[in-house]
1. Under the condition of being part of a helix (DSSP H, G or I) and touching a helix residue (DSSP H, G or I) at 6+ places or on another chain (Cβ under 8 Å), which residue from segment 78-95 is surrounded by the fewest Cβ atoms within 10 Å (Cβ to Cβ)?
2. Out of (1) buried (at least 23 other Cβ atoms within 10 Å of the Cβ); (2) closer than 20 Å to D132 by Cα, the odd one out for D98 is which?
3. Which ranges mark the strands (runs of 3 or more DSSP E) fully within segment 1-62 that have 1 or more residues being among the small types (G, A, S) and modelled with pLDDT under 90?
4. Across segment 289-343, what is the number of residues that are modelled with pLDDT of 90 or more and assigned to a helix (DSSP H, G or I)?
5. For segment 149-162, which residues satisfy the criterion of being within 24 Å of A104 (Cβ to Cβ) and open to solvent by 50 Å² or more (accessible area, probe 1.4 Å)?
6. Could you tell me whether A127 is of a type outside the set (S, T, N, Q), farther than 20 Å from K190 by Cβ and either free of Cβ contacts under 8 Å to residues at least 24 places away in the same chain or open to solvent by less than 10 Å² (accessible area, probe 1.4 Å) (or both)?
7. Does P165 satisfy being crowded, with 20+ Cβ neighbours inside 10 Å, over 18 Å from the mean Cα position of the chain (by Cα), more than 21 Å from I30 (Cβ to Cβ) and not aromatic (F, W, Y)?
8. Looking only at segment 204-213, which residues are of a type in the set (G, A, S) and without any contact (Cβ under 8 Å) to a residue 24 or more places away in the chain?
Amino acid sequence: MRRDRPSSSPCLWKGTTLQIKKIAFIGTGIMGARIAGHIMDAGYELTVYNRTREKAEELLARGATWAGSPAEAAADADVVFTMVGYPSDVEDVYLTTDGLIRAARKGAWLIDLTTSSPQLARDIHDAAEVEDKHAFDCPVTGGEQGAIDGTLTLIAGITEAAAAPVLPVLESFSSKIFYFDQPGGGQTAKLCNQVSLASCMVGYADALALAEQSGIDAERVLEVMASGTGGSGASRTLAPKSLAGDYKPGFLAEHLRKDIGLALQRSEDLDITLPGAETAFTLFDMLCQIGGSRMGTQALTLLYQEEAACVAAGLDWSLLDQGEDDEHDHECCCGHDHGEDHECCGGHGHGHGDGHECHCHDHDHEH
């Protein structure tokens, strides 16, 4: 969906007029490339960086400028968007010595669309303000189709009034914005959404398995669910893909596992129990361990099927046995065994220190 916008947006910030013309976008994966395309449609000058340049080629062909690093992309930008894989990636992009907090120009806006750690979002906001820059968390929901259509829902950790200078840019790829008024508020609200989504996915996977094993029409069961209170957004949009054997990722299974892990980390901090999220994490972690990490989340239903169907889809149950033999610990929200000394995605609330180094990102994420 094309949204026609002026090539620049005059807005007020601290008594001055801010002309937004140049946008940098870091992370052009499944969602990011679509969002960046809508920003270009709105008439803004776009510079992009992605770890894998090939994933930005479509944008470059349309006239976007390539940058060799996040710092280079941000150097001349009025607004910088980031949409990367894991909290460790966010931390590296923003808080390292050559990160965005230092590289962006004074007065620039730094907006993170990644689903990440609420504490990390607060850290980034505070560090940016010290440098006379303005950062806020703004994770999105609506999936790949929402990104394609430009109708994403944005979940912003900022007040509506404070976000006014960048509202025209945000509206170029969204249909609704919720404001949670404080740094990290957007991330917390997004994790609440992901906890509900994951439980809904387990619910429809259970329902389809019960229908199929009982020998009744699973598609008709979905119709029943949709007509009553048993349906959900997940069963409406993802369950038909599960039934059709379409596991192409609109949202990666490993990224939902990461999100649930972040929510569970937060629940531990609050000393509460989330049994639905714990069950969903166990299942998505299992899916990722047996080779489904790069599949769409709807591949969860493969766990309920015969081994031959799993093998045909590219899964290997023997990998799970190997993981058990190696005594891998999958408590970490990025789903990998890092050893006892590793402070992973949820650990930002305890302070980093000068020696903090996190390597959750040491594999190929879809940026």
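The values are calculated or read from the model by the stated rules, or taken from the named source; none is laboratory data. Source: prediction; values computed, not measured. Neighbour counts are summed over all protein chains in view; Cβ atoms, including those assigned to glycine, are modelled from backbone coordinates with ideal geometry. Areas reflect the complete protein model, heavy atoms only, side chains present, ligands, DNA and RNA absent. Shrake-Rupley method; radii C 1.70, N 1.55, O 1.52, S 1.80 Å.
1. Here the residue is L95.
2. (1)
3. It comes to 9-13.
4. Adding up the residues that qualify gives 21.
5. Across segment 149-162, the qualifying residues are T159, E160, A161.
6. Judged against the criteria, A127 is not a match.
7. yes
8. Hit for segment 204-213 is A211, nothing else.
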